[in-house]
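These notes concern the structure reproduced below.
The values are calculated or read from the model by the stated rules, or taken from the named source; none is laboratory data. A quick note: this is a predicted structure, and the numbers were derived from the prediction, not measured. We place every Cβ from the backbone using ideal geometry, glycine too, and count neighbours over all the protein chains shown.
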Amino acid sequence: MEDIHVIAEAGTNHNGNLEKAKKLVDIAKYADADSVKFQIIYPYGLYLPGDYEYGHYDIKEVLRIRTEGMLQDEEYDELGAYCREKEISFTASAFDEKGLDLLMKFNPPYIKTASCDLNNIRFLRQVAERGKKMVVSTGMSSLKDIERSMNVLARAGHSDIVLLHCVSVYPAFLEQTNLGFIE
């Protein structure tokens, strides 16, 4: 049986403020988590440029909010050093190659991919090329989607993968969780 690895999900809850990000690290350490996971989001690596409808949202407003909520690369450097000082592993979800490159500077124990990238075969291959354990979210996906992506990674020679059952509904009510799918 593998050891349990507790992940403290920090995401982008720092709202672009380095001191808040450090506080999230402190909370993760206090909770005795094994790693603290942020999201490294470069808005134009996550969203397509241009004017278009993004569900019920104005894409320009989404991009503005995402940009204001970013940490700068130099701040991630400081945050990574802070995690080393606090003796907790730093990792992140990355959404593009630039984010992957930044994350690799911190020697993460794993790379998390978001549910929205399960069908992004090119990106999954880029993550696999980094040679790290992958934690792959499966929200919004069918079993066929999951199998196809896992087969692509297997053909690429990458097998150090953890599938994360994800519902992609916030908040998720118990009847939406489909926990039987974990089997």
Q) Here are some residues: PHE95, PHE90. Which one is touching a residue at least 12 places away in the same chain (Cβ under 8 Å) and more than 18 Å from LYS22 (Cα to Cα)? A) PHE95
(Q) It is to be established whether one or more residues within the stretch 163-176 are modelled with pLDDT under 95, surrounded by fewer than 16 Cβ atoms within 10 Å (Cβ to Cβ) and among the polar types (S, T, N, Q). (A) yes
**Q.** Subset of the stretch 1-24 (residues that are part of a loop (DSSP other than H, G, I, E, B) and β-branched (Val, Ile, Thr))
**A.** ILE4, VAL6, THR12
Q: Answer with yes or no whether LYS98 is of a type outside the set (Ser, Thr, Tyr), modelled with pLDDT of 95 or more and touching an Asp or Glu at 6+ places or on another chain (Cβ under 8 Å).
A: no
**Q.** Hey, LEU24 under 21 Å from the mean Cα position of the chain (by Cα) and under 17 Å from PHE95 (Cβ atoms) or not
**A.** no
